[in-house]
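S.K.: Before we start, here is the structure in question, set down as structure tokens.
The values are calculated or read from the model by the stated rules, or taken from the named source; none is laboratory data. For clarity, every value in this text was computed on a predicted model and none was experimentally measured. We place every Cβ from the backbone using ideal geometry, glycine too, and count neighbours over all the protein chains shown.
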Amino acid sequence: MEDEVIVSKRRASGTEKVSSIDGETVESEMEQSMEYTEEFIEEEHVPHEEPVGLDLEDLEGVGRVTAQKLRQAGYASVKDVAYASSHELATVLGSEERALSIIRAAQRLISLGKLFMTAKEYYEERKNVAYISTGVRALDDLLEGGIETRAITELIGEFGAGKTQLCHQLAVMVQLPRDRGGLNGRALYVDTEGTFRPERVVSMARYRGLDPEKTLENIIYARAYNSDHQMLLIDEAKHLIEEEGVKIILVDSLITHFRAEYPGRENLAARQQKLNKHIMQLAKIAAIYDAAVVVTNQVLAAPDVFFGNPLKPAGGNIVAHGCTYRLWLRKGKEGKRIARIIDSPKHAEKESVFTISDEGVLDV
Ligand SMILES: Nc1ncnc2c1ncn2[C@@H]1O[C@H](COP(=O)(O)OP(=O)(O)OP(=O)(O)O)[C@@H](O)[C@H]1O
Ligand SMILES: [Mg+2]
């Protein structure tokens, strides 16, 4: 447990003080505390291939009535059931035993039943993972191809670092054809801070040679008003994703509402548990629907750190373990921005430089 100073600007709370960290003057606010609960997100990188035209009624042990119950509870497809936890599904089906047998049936149907594979098979399977170009060569190189599908990429940084700008740009880039770094897909933009600006999308689309009107139509926008609303949106999103061809889900920012609604040490456990659920939701959607998830996160400064970097991402272990890739953005000299990947399972620790202009996020 440690006291920390939040460096990111907190629009939600509206209170801003000024302090000096690393020689730079930043707006900040005293935070009560941050915890480090030991709950880790389970990896959801399970390969799958759903045969077309499967209905819930195709599941062994599921009749019309049960199928209806499942649909009402938000389990719309065989995939949803296959990835559910028995505990979760038991509330719909009455017992964990029954839930488990139906989950297994769903997993068998979509070939999740296979428990082991060789690394070679996994390697082959991972070739289906796709990448969305950030529109910045230096960042794509850093990320070894761009933003990955079936994973959560976290953009970390202090205020003005460029997190929101990059989210806007990704909502545009995903629409490009594959040979230009996109996935010919649409974007879902969940805005928790009210900082989405369609005008920025218009400028970025023009720069990329896209029709601005069409580009805007391909971004499905939702403003999240509180953490419950944010989670509801993601719950509902799964219906949109397949039908609307969404290939990237952007949540800007992941944590603002959670922090504002659950302040102080006494609410920490509840907040982290809920945040964990939210990240699980996102991880599941990424894995099931082959989409990329990008979330933004604030930076905190621990005043008790005397050596090394006193800044760290908000959200503790829950966010650190829940996100697959973490890209840390910071402001450099002359308006430049510096990006670094931290804690990656596959990337080397190196840095890239980029800039932000009227046309969007660009190479220097
Ligand atoms: N049209 C533009 N032309 C040039 N630079 C711009 C333009 N729009 C935004 N910027 C730059 O982007 C910065 C804002 O970046 P952004 O909103 O992405 O920050 P952020 O990391 O999301 O911060 P926060 O934590 O406050 O949400 C501005 O400070 C400015 O430097
Ligand atoms: Mg922002």
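S.K.: Across the stretch 186-212, what is the total count of residues that are within 14 Å of residue 361 (Cβ to Cβ) and surrounded by 21 or more Cβ atoms within 10 Å (Cβ to Cβ)?
M.R.: Qualifying residue count, the stretch 186-212: 3.
S.K.: Using the structure shown, decide if residue 162 is at pLDDT 95 or above and either under 21 Å from residue 207 (Cβ atoms) or out of contact with any helix residue (DSSP H, G or I) (no Cβ under 6 Å at 6 or more places or on another chain) (or both).
M.R.: Spelling it out, residue 162 is indeed at pLDDT 95 or above and either under 21 Å from residue 207 (Cβ atoms) or out of contact with any helix residue (DSSP H, G or I) (no Cβ under 6 Å at 6 or more places or on another chain) (or both).
S.K.: Counting only residues that are surrounded by fewer than 18 Cβ atoms within 10 Å (Cβ to Cβ) and more than 22 Å from residue 284 (Cβ to Cβ), how many does the stretch 222-267 have?
M.R.: Matching residues across the stretch 222-267 total 9.
S.K.: Restricting attention to the stretch 192-243, which residues are in contact (Cβ under 8 Å) with a residue 12 or more places away in the chain, over 16 Å from residue 166 (Cβ atoms), assigned to a helix (DSSP H, G or I) and within 12 Å of ligand 1 (Cβ to nearest atom)?
M.R.: Answer for the stretch 192-243, where residues must be in contact (Cβ under 8 Å) with a residue 12 or more places away in the chain, over 16 Å from residue 166 (Cβ atoms), assigned to a helix (DSSP H, G or I) and within 12 Å of ligand 1 (Cβ to nearest atom): just 202.
S.K.: Contact list please: Cβ distance under 6 Å, first residue in the stretch 159-187 and assigned by TED's automatic domain parsing to the domain that holds residue 209, second residue near ligand 1 (Cβ under 10 Å from one of its atoms) and in a loop (DSSP other than H, G, I, E, B), pairs at least six apart or on different chains.
M.R.: Going by the 6 Å Cβ cut-off, the qualifying pairs are 159/8; 159/9; 164/195.
S.K.: Among (1) closer than 30 Å to residue 208 by Cα; (2) of a type outside the set (Phe, Trp, Tyr); (3) crowded, with 16+ Cβ neighbours inside 10 Å, which single condition is residue 359 missing?
M.R.: That leaves (3) as the condition not met.
S.K.: Ok, one more. Which ranges mark the helices (runs of 4 or more DSSP H) fully within the stretch 81-178 that have 2 or more residues being within 16 Å of ligand 2 (Cβ to nearest atom), surrounded by 22 or more Cβ atoms within 10 Å (Cβ to Cβ) and under 18 Å from the mean Cα position of the chain (by Cα)?
M.R.: Filter on the stretch 81-178 gives 163-173.
S.K.: Let me ask something additional. Would you check which residues across the stretch 75-128 are out of contact with any helix residue (DSSP H, G or I) (no Cβ under 9 Å at 6 or more places or on another chain) and closer than 23 Å to residue 237 by Cβ and list them?
M.R.: Of everything in the stretch 75-128, just one residue is out of contact with any helix residue (DSSP H, G or I) (no Cβ under 9 Å at 6 or more places or on another chain) and closer than 23 Å to residue 237 by Cβ, namely 128.
S.K.: All but one of (1) part of a helix (DSSP H, G or I); (2) under 25 Å from residue 315 (Cα atoms); (3) touching a strand residue (DSSP E or B) at 6+ places or on another chain (Cβ under 8 Å) hold for residue 189, so report the exception by its number.
M.R.: (1)
S.K.: Against the conditions (1) within 21 Å of the chain's Cα centre (by Cα); (2) exposed (fewer than 14 other Cβ atoms within 10 Å of the Cβ), where does residue 217 fall short? Just the number, please.
M.R.: Among (1) within 21 Å of the chain's Cα centre (by Cα); (2) exposed (fewer than 14 other Cβ atoms within 10 Å of the Cβ), the lone unmet condition for residue 217 is (1).
S.K.: Would you check which residues across the stretch 61-80 are at pLDDT 90 or above and part of a helix (DSSP H, G or I) and list them?
M.R.: Within the stretch 61-80, 64, 65, 66, 67, 68, 69, 70, 71, 72 qualify.
S.K.: Another one. Quick check: is even one residue across the stretch 198-207 within 24 Å of residue 277 (Cβ to Cβ) and among the small types (Gly, Ala, Ser)?
M.R.: no
S.K.: How many residues does the stretch 149-170 hold that are among the small types (Gly, Ala, Ser) and away from ligand 1 (no atom under 13 Å from the Cβ)?
M.R.: Adding up the residues that qualify gives 1.
S.K.: Just to be sure before I move on: is residue 292 under 12 Å from the mean Cα position of the chain (by Cα), in the same structural domain as residue 164 (by TED's automatic domain parsing) and more than 14 Å from ligand 1 (Cβ to nearest atom) in the structure I sent?
M.R.: Yes, satisfied.
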